[in-house]
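Working notes, structure below.
The values are calculated or read from the model by the stated rules, or taken from the named source; none is laboratory data. Remember, it's a predicted structure, so these values are computed and weren't measured experimentally. Glycine also receives a Cβ, built like all others from the backbone with ideal geometry; neighbour counts cover every protein chain displayed.
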Amino acid sequence: MTEKKIHVLDVGRMPYAEALDLQKRLVAAKKSGDERDFLILVEHPGVVTVGRRGNESHIRLPREALAARGVEVYDIERGGDVTYHGPGQVVGYPIIDLKHAGLDVHSYLRLIETAVIEALRAFHVESYTREGLTGVWTRLGKVAAIGIAVSRWITYHGFAVNVLRGITGFDLIVPCGLTTERVTSIEDVCGSPVEMKDARRELTAAFARALGAEAVAAQGDLIWKEAPL
């Protein structure tokens, strides 16, 4: 068994701002000498995020109108354009040291794609990447979006995989700036119900394997509770 571990924090449903704060605390902890790698798993209430290359025209409604619907909008540090998170997605935020993992940004993105593709096989969903783009697609459309940020070789932000059928909110944006993009979910493709806990389990296991690590539950005395931003 590998000695390398990734510590998994499954925080359930959490507002986007709180999850972003948690990521930044873990990044700060690692910069201060914490050698552990982490994977945060979360499900967000409806939120639109705009990456560094985001185009405001890819948000279909004014921000005030979105706020009236209870959908928040955040301008964030990750790469990529505009995306949507909401109930029915598994969102993963790996906090890892790329240098210690022997990865650069490009190989790390490919690692995430490989892990998602492997996890989807557990649900009999065949998926693939597309040349020149980041993410994972199926025969029915895009099933996973990926966007990361890196600070002193430590990663944050990550991936979002659509699990349940009928996720609402993608109509509010032009997903990832691709005007003809279709968005789908694991349930849409496999045609049968999928439990969120099963999706979280398979994604965790596949990501850990791709990283050459063992996934372990994070302990309650984590430094992030006190770590400064």
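Filter region 112-164 for residues that are of a type in the set (K, R) and either buried (at least 18 other Cβ atoms within 10 Å of the Cβ) or closer than 15 Å to I96 by Cα (or both) and give the result.
Once the filter is applied, which keeps residues that are of a type in the set (K, R) and either buried (at least 18 other Cβ atoms within 10 Å of the Cβ) or closer than 15 Å to I96 by Cα (or both), region 112-164 yields K142, R152.
Which one is nearest to H157 (Cα to Cα) among residues in region 49-78 that are out of contact with any Ser or Thr (no Cβ under 6 Å at 6 or more places or on another chain), hydrophobic (A, V, I, L, M, F, W, C) and surrounded by 12 or more Cβ atoms within 10 Å (Cβ to Cβ)?
Filtering first and then ranking leaves V50.
Residue check: is A206 over 18 Å from the mean Cα position of the chain (by Cα) and over 22 Å from V47 (Cβ atoms)?
For A206, the condition - over 18 Å from the mean Cα position of the chain (by Cα) and over 22 Å from V47 (Cβ atoms) - is not met.
For region 89-107, give me each residue that is in contact with a helix residue (DSSP H, G or I) (Cβ under 8 Å, 6 or more places away or on another chain) and not aliphatic (A, V, I, L, M).
The answer is G92, Y93, P94, D97, D104.
Residues are listed down the side, and each one gets a yes or a no for (1) modelled with pLDDT of 95 or more; (2) touching a His at 6+ places or on another chain (Cβ under 9 Å):
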residue	(1), (2)
H7	yes, no
R13	yes, yes
E43	yes, yes
S57	no, no
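Could you pull out the residue among V143, V125, V189, V150 that is among the hydrophobic types (A, V, I, L, M, F, W, C), in a helix (DSSP H, G or I), touching a residue at least 12 places away in the same chain (Cβ under 8 Å) and at negative phi?
Selected residue: V189, the only one of V143, V125, V189, V150 that is among the hydrophobic types (A, V, I, L, M, F, W, C), in a helix (DSSP H, G or I), touching a residue at least 12 places away in the same chain (Cβ under 8 Å) and at negative phi.
Yes/no matrix, rows are residues, columns are (1) closer than 13 Å to V161 by Cα; (2) touching a residue at least 24 places away in the same chain (Cβ under 8 Å):
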residue	(1), (2)
T49	no, yes
G54	no, yes
I76	no, yes
T83	yes, yes
V90	yes, yes
D104	no, no
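Exactly one of these conditions fails for H106: (1) over 13 Å from the mean Cα position of the chain (by Cα); (2) of a type outside the set (D, E, K, R); (3) crowded, with 22+ Cβ neighbours inside 10 Å. Give me its number.
The single condition H106 does not satisfy is (3).
For region 26-35, which residues satisfy the criterion of being closer than 18 Å to V216 by Cβ and either crowded, with 23+ Cβ neighbours inside 10 Å or modelled with pLDDT of 95 or more (or both)?
Listed by number, the residues that qualify are L26, K30.
Could you tell me how many of the residues in region 27-57 are under 27 Å from A205 (Cβ atoms) and among the basic types (K, R)?
2
Find the residue count for region 27-51, including only residues that are over 22 Å from Q89 (Cα atoms) and not in a strand (DSSP E or B).
Adding up the residues that qualify gives 10.
Could you check E43 against (1) among the acidic types (D, E); (2) without any contact (Cβ under 8 Å) to a residue 60 or more places away in the chain; (3) surrounded by 19 or more Cβ atoms within 10 Å (Cβ to Cβ) and say which number it fails?
Single failed check for E43: (2).
Return the residues of region 34-65 that are within 12 Å of L172 (Cα to Cα) and more than 22 Å from the chain's Cα centre (by Cα); say none if nothing qualifies.
Residues satisfying the conditions are S57, R60, L61, P62, R63, A65.
What are the residues in region 153-172 that are at pLDDT below 95 and of a type in the set (D, E, K, R), if any?
D171, the sole residue that qualifies.
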